[in-house]
Amino acid sequence: MAHSAIVLCGGLSSRMGRPKALLPWRGRTLVEHVVATLRTVVDDVVVVTSSELDLPRLDAVVVRDREPKLGPLSGLRDGLAAASNDLAFATATDAPFLSAGFVRTMLGFGRAAAPVVEGFVQPLSAVYPRALTTTADALIAAGRMRLLHLLEAADFRSVAADELPEVESTRNLNTPDEYLGAVRRDDPGARAQVELFGLMRTTSGAATIDVDAGTLGEILDRVQSDFPMLRLRAAGEVAKNILVSLNGQAFVRDASLPVGAGDCILLMDAAVGG
Amino acid sequence: MKTFAGFHGRYWRFDLGTGTGAYIPLDEAVLRRFLGGVGLGAWLLHRESPAGVDPLAPEAALVFAFSPLVGTPLTTSAKFAVVAKSPLTGMISDSLSSSHFAIHGKRMGVDAIVLVGACAQPSVLVDGALRPTDLWGRSSEEACAALAPYGTVAAIGVAGEHLVRYATISNDGRHAGRGGLGAVMGAKKLKAIVVRGEVRTELSDAPAVLAIAKDLSKRSFGPATAKYRELGTVGNLLAFNRLAALPTRNFQSGTFDQAAALSAEQLAPTRAKAKRSCASCTIGCEHIYAFGDAKSVRVEYENVFALGPLCGIGDPDAVLAASKRCDDLGLDTISAGGTIAFAMECAERGLIAGPRFGDAAGLMALLEDIAHRRGLGALLAEGSRRAAEAIGSGSIDFAPQVKGMELPGYEPRALQTMALGFAVGTRGADHNRSGAYELDFSDTVDRLKGSPEAARLAAGTEDRAALMDALILCKFLRGVFTDLYAESAAMLRAVTGWDVTAAELVATSARIVALKKAFNIREGWTPASDTLPKRFLSEGLPDGASKGALIPRERLQDMVRAYNRARGWTDDGWLPDTVYEELAL
Ligand code: SF4
């Protein structure tokens, strides 16, 4: 029987400091990784995202969360509405350890189903019938925003951890520590790159430096200790005289920002006028 | 009797047609409301330039405006503004230049010099009188050297004589670069103006000025200016390239494959010869590089970008030689590079015959031809907008200009808040009157997705620039201030004796921006002027870290509207009556 999958990546990623969907994971972004895993099991994947997020090209249908402020229930509803099959596995984008076997097992129950891990129902590693779209609408209208209400309305099968392979699949990443811990465990040799421009390059003599994945602050501290002539940090913050770009995209200043394998940190002089 | 210090309270108006000059008093209220530099200059232009005048007609006014801080020990204060109606844009052009001309010009006992009329024959203005000159046809540098015994000189080169619409005025090795002020002077058949004098303005509280000056100098040695001191502005190039913000081959790309060869990181170790600075400057951002056969030139990011990547040229010797040639001929490097890059793209598309991207010899030959208005150079001397109108075939869509002025080295699609700054700028595409790129280089806005919020913040950067340009202080100092308005108020209080506050200066800055806008409206500005070439609205950047970026027309319109609202203007950008009343023109 054909199935669908839904990936929710509309969350704010506020504790992570950068969009979780775009965190590097095994050589690509986390959302690409999750979509690719799902595609080995299901026929169609729907990615629900917010309008602010620029996702890479995906092997999936991408829909915009119509009411992102309402939380995951609204995103799930929009995902179900766009799914092609009657049954869909739904996951958040920050599930780096999601396995095909886990998804297959969950979908094998053939009905609404959710794992219970350490006593907690995991509604973002769960199976939802597409027919729940109208129920979701009704719950939203009634202000009952928890995904659990939707599962309960479908009289879901609760699945114990010992019935499932790779329960790790339910693990999500909410903080830089959780992400970096996962990166280090997954690939103990994970490296990021630092590129130096302008004065930092001429005074240090270095153009690019390989560093261990870590928070931005940890990485700057390491570069600073290898090249003491640089001034990258001031009072625990990123020094005012430098600009930091993550992968040539956003400029960042949050020292707790996680920098993963394959990320590139550009360090530029802050005085850009001319 | 004058009750305030820092100003002379008068300007000198000289009629080049009759050869007579007069001192005209300046009200304290005007000086306090518009300060000096671009503020005073724009006010004088309103007053002295007849509405609708041809910028190259004798009646057009050419204003040299000094400022309250000129002559004080405050670092970077030796600056002046040159203001006129631009022959390139038909709008206001307010360019800054630096050094001894500011100091000695102000010592003539005036806050500004206004030139009107035109000489009957090529002349120089020395000690308040016109003299016929045989310097016509010589470089500005030669003219400055020849007249140096009489004082400090500002002169035009051959390009100004030939009314190239982006000709410069040069003094002390610096240039009032943008908008074709050299053509205005050339149209007046004035090769040079020489200033000298002994009249100093008093300071209201000299010890306080000295204390502020000491502190400011100290701070000017700190990390906020290190890049300018150690590397110069060309330090931008490689980083811009990495962000795909380096305009390349007439803005067809944001990355240049030979960028490294032109970068300060690579050039400085082998070519840096010397460092220089403007008078009264403790920063010293001028970096002199060697090129060719024992020659040398001051390198700036804008020169290298415009004559290098923009024209597809990666040979540093060729780029530095072209930069030096622009200085000698009196050509604005940005507009020269932009117009030639535009012509190169036209040639590649088969619209005209001419050199193509990467042709360094062709670039050098065109610079000569432009300055002398020969062959294709005669057309390109008109700037890219007029050239595109003549060439047709939709070439206006990729003429790299706003209001007729060529864009500086900030790719708008990769720096979208700056794009807004370009679109609304009163003197056309310009990175000195709007500092909006600072927002793009920050975690405040998304540089690849301009927004109304970013547009509102961009207005603030324009205000701060207007204040610095009126005081005048060098913008390379801006990073050392924690509160520009409060610290500027303290300086002005000590210099002038006025009880000026930070809040007053916030209002003053916005007033100066509105004053320039009012001039443009008088000269025919319409809301349609505040836009960008179609290329930026419809073609995504092809590669690099800004790949795919473009500025949809609606996004730009939303930003322009948000900017106008932030200024308290109409959504379209017209000035409401209240603003005119406040300007009290
Ligand atoms: S920083 Fe550079 S441009 Fe500014 S005043 Fe000093 S030398 Fe002149």
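A compact table of results
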| read-out | value |
| --- | --- |
| Footprinting exposure proxy for B:580, B:563 (fewest neighbouring C-beta atoms within 10 Å first) | B:580, B:563 |
| Positive-end residue, the range B:435-512 charge dipole about Cα centroid, Cβ charges, pick of B:444, B:501, B:512 | B:512 |
| Cα centroid separation, the range A:1-79 to the range A:92-110 (Å) | 14 |
| Under Karplus coefficients 6.51, -1.76 and 1.60, residue-wise ³J(HN,Hα) of the range A:104-109 in Hz, glycine/proline x | 4, 4, 5, 5, x, 5 |
| For the range A:4-174, with +1 on Lys and Arg beta carbons and -1 on Asp and Glu, the positive-most of A:134, A:79, A:53 along the dipole | A:53 |
| Viscosity 0.692 mPa s, temperature 37 °C, Stokes-Einstein D of the range A:13-116 from Kirkwood C-alpha radius, µm²/s | 229 |
| Across B:2/B:191; B:273/B:403; B:79/B:189, pairs whose alpha-carbon gap is larger than 31 Å | B:2/B:191; B:273/B:403 |
| Calculated [θ] (222 nm, deg cm²/dmol) that DSSP helices of n ≥ 4 give over the protein assembly as shown, each run adding -39,500 (n - 2.57) | -10500 deg cm²/dmol |
| Between the range A:198-268 and the range B:437-482, the Cα center-to-center distance that results, in Å | 24 |
| Tail fraction, Cα-Cα pairs, the range A:187-273, threshold 20 Å, whole percent | 23 |
| Percent of Cα pairs exceeding the 23 Å cut-off, where the set is the range B:416-583 | 41 |
| All-pairs alpha carbon distance profile, chain A, 10 Å steps from 0, percent | 7, 28, 29, 18, 12, 6, 0 |
| Dipole magnitude of the range B:416-583 about its Cα centre (Cβ charges: Lys, Arg +1; Asp, Glu -1), debye to nearest 20 | 400 |
| For the range A:1-128: relative contact order, % (alpha-carbon pairs under 8 angstrom, 6 or more apart) | 30 |
| Acute angle (nearest 10 degrees) that the helix A:72-82 long axis makes with the longest principal axis of chain A, alpha-carbon atoms | 70 |
| Charged-residue dipole, Cβ positions (Lys, Arg, Asp, Glu), chain B about Cα centre, Debye nearest 20 | 520 |
| Cα gyration tensor shape of the range B:73-115, rounded if a/c is under 1.5, else prolate or oblate by comparing a/b with b/c | oblate |
| The range B:297-364: C-alpha pair distances exceeding 16 Å, % | 37 |
| Summed side-chain charge close to residue B:138 - residues other than residue B:138 whose Cβ falls under 12 Å, Lys, Arg +1, Asp, Glu -1 | -4 |
| Antiparallel DSSP beta bridges within the protein assembly as shown, percent to nearest 5 | 70 |
| Extended-chain gain in nm, criterion 0.36 nm per residue less alpha-carbon gap, residue A:138 and residue A:227 | 26.0 nm |
| Amide H contacts under 5 Å for residue B:543, placed H, 5+ residues apart | B:254, B:548 |
| Kirkwood-Stokes translational diffusion coefficient of the protein assembly as shown, alpha-carbon pairs, 37 °C, 0.692 mPa s, µm²/s | 113 |
| Estimated vicinal HN-Hα couplings, Hz - the range A:140-152 in sequence order (Karplus 6.51, -1.76, 1.60; Gly, Pro = x) | 4, 4, 8, x, 9, 8, 7, 4, 4, 4, 5, 4, 5 |
| Prolate/oblate/rounded call for chain B, Cα gyration tensor, a/c under 1.5 rounded | rounded |
| The range B:269-306 and the range A:144-163: distance between their alpha carbon centers, rounded to Å | 70 |
| Acute angle (nearest 10 degrees) that the helix A:30-39 long axis makes with the longest principal axis of chain A, alpha-carbon atoms | 30 |
| Relative contact order computed over the range B:71-167 (Cα-Cα under 8 Å; 6+ residues apart), in percent | 20 |
| GluC sites (Glu not before Pro) restricted to DSSP loop in the range A:154-239 with at most 15 other C-beta within 10 Å | A:166 |
| Derived scalar couplings ³J(HN,Hα) [the range B:358-374; Karplus, 6.51 cos²θ - 1.76 cosθ + 1.60; whole Hz; x for Gly, Pro] | x, 8, 5, 5, x, 4, 4, 5, 5, 4, 4, 5, 5, 4, 9, 6, 10 |
| Chain A: angle of helix A:216-226 to the longest principal axis, Cα-based, in degrees nearest 10 | 30 |
| Ranking of B:150, B:485, B:289 by count of other Cβ atoms within 10 Å, fewest first | B:150, B:485, B:289 |
| Relative contact order %, chain A, counting alpha carbon pairs below 8 Å whose residues are six or more apart | 17 |
| Considering only chain A, percent of DSSP beta bridges that pair antiparallel, nearest 5 | 55 |
| Where GluC sites (Glu not before Pro) fall in DSSP loop in the range B:371-466, at most 10 other Cβ within 10 Å | none |
| Dipole axis of the range B:10-195 (+1 Lys, Arg; -1 Asp, Glu on Cβ), positive-most option in B:36, B:162, B:105 | B:36 |
| Cα-centre dipole for the range B:207-335 with unit charges at Cβ (Lys and Arg positive, Asp and Glu negative), debye to 20 | 480 |
| Cα-based reach from residue B:188 at 21 Å (exclusive), listing lysines while leaving out same-chain residues under 8 positions away | B:85 |
| Chain lengthening between residue A:85 and residue A:240 when straightened (0.36 nm per residue, less Cα-Cα) | 50.5 nm |
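Coordinate-derived values only; no laboratory data. As the structure is a computational prediction, the values presented were derived from the model and not from experiment. Ideal geometry is used to build each Cβ from the backbone, glycine not excepted, and the neighbour counts take in all protein chains shown.
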